[in-house]
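Below you'll find the structure, written out as structure tokens, and then a few comments.
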Amino acid sequence: MTTDTGRERQRDAAGQLRHLLTLEGLTREEIVRLLDQAQGYVRRPGELPARDASLAGRTVANLFFEPSTRTRVSFELAAGRLGADVVNLEMLSSSRIKGESVLDTIYTLQAMAVDVFVLRDAEPGLPAYIARHVAPHVSVLNAGEAHLSHPTQGLLDALTIRQRLGDTAQLTVAVVGDVRHSRVARSAWQALATLGVGEFRIVGPPELMPDDGEFRGARRCPILAQGLEGADVVMALRIQRERMAEARIPDAHTYCREFGITTESLKLARPGALVMHPGPMNRGVEISGEAADGPQSAIQQQVANGVAVRMAVLATIVRHSQAQTPPATTGRTVG
Ligand code: CP
């Protein structure tokens, strides 16, 4: 399998988004359109959720080869609220263990008329690989690809910032912690760089910084005070021990003292700065409970926006794929 990000592959012959594999290559207009559509699906707490029939008669399959709470449940809710049938496969315990290839699993589900595959995997390249092989009317949505890409997370983070602070063009956004292993940071950077951002900072110890050449244009800050000074948005990242071949950080207490987002360290940022975290959180490591639950926190709003963004993405992708002709057979496609 290659590590094709799918930037070109995600469009059909007319240039429309048929899959969502990465935010790389999306135009500002496309991102704004998705955020506007997502905003239309947002409801106040306590109101009934938005629903429409954009996916009526369609089937969405969630295949998560890595654990997920927020992304998997929000894709399930989003598809259901648009009228789709949804199937959730227990991929952590099934097909690969029995020896079936992922592609055979995909062809099996495609034969049962699945129209959209939502994929999460620890291995780079799976979403683009599957997109190369599915039938022309079938779409693939990346729900988290190794450390590389989490496009719907990037969109929901951009939507949350826009809702709370308006236009992103003048804002300073500081992403703090394990940037090296973070698909969230990469997709947030892609979304905000395309929308326009005043300054994007990546903040963390040298061993958790991405390689030179990544995050071109972002400011690298090896000291927390430097990274938070005057920041409008502070996004804490989870330490991703599962992606580290060897321990890259000192003990949790030392890490929290040096890079933790706490009510004390937040005083370094702009007063009232927005606090974000993609979840799941390690309270007391990258963020304190007080900062996570305090008045500056937008963490629950991020979660709520996840459903709205995934509804917008599903509705957009399916609208474009309606132009494609379903095959008469199971539709095996040679990439
Ligand atoms: N933010 C995020 O991807 O969370 P989950 O791992 O719970 O889906």
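Please list, in order along region 169-174, the HN-Hα scalar couplings obtained from phi with the Karplus expression 6.51 cos²θ - 1.76 cosθ + 1.60 (θ = phi - 60°), rounded to whole Hz, x for Gly and Pro.
Taking θ as phi minus 60°, the curve returns 4, 9, 8, 9, 10, 10 Hz for region 169-174.
What part of the accessible area of the chain, given as a whole %, is carbon or sulfur when the probe is 1.4 angstrom? Working shown, then result.
Details: 7150 of 14040 Å².
The computed percentage sits at 51.
So if I take the centroid of the Cα atoms in region 60-136 and the same for region 165-196, what is the distance between those two points in Å?
Between the Cα centres of region 60-136 and region 165-196 lies a distance of 27 Å.
Give me D for the chain in µm² s⁻¹, whole number, from Stokes-Einstein with Rh from the Kirkwood sum over alpha-carbon pairs, 10 °C and 1.306 mPa s.
Approximately 78 µm²/s, per Stokes-Einstein.
Only residues of region 163-180 count here: report those whose backbone N is under 13 Å from the spot 7 Å along Cα→Cβ of residue 263, or say none.
none
Work through the residues other than residue 61 whose Cβ is under 10 Å from its Cβ and net out their charges, Lys, Arg +1 and Asp, Glu -1.
-2
Using a probe radius of 1.4 Å on heavy atoms only, what accessible surface per residue do you get for region 151-302? Whole Å² is fine.
Values: 5960 Å² over 152 residues.
I get 39 Å² per residue for region 151-302.
Roughly how many nanometres apart are two label points built 7 Å out from the Cα toward the Cβ at residue 30 and residue 225?
Going by the 7 Å Cα→Cβ label model, 4.3 nm.
With a sphere of radius 14 Å drawn around the Cβ of residue 34, what net charge do the other residues whose Cβ falls strictly inside it have (Lys, Arg +1; Asp, Glu -1)?
Charge balance in the 14 Å sphere: +1.
The values are calculated or read from the model by the stated rules, or taken from the named source; none is laboratory data. Just so we're clear, the structure is a prediction, and the values are computed from it rather than from any experiment. Virtual Cβ from ideal backbone geometry, glycine too; neighbours counted across all protein chains shown. All accessible areas refer to the heavy atoms of the entire protein, side chains included, with ligands and DNA or RNA removed. Shrake-Rupley method; radii C 1.70, N 1.55, O 1.52, S 1.80 Å.
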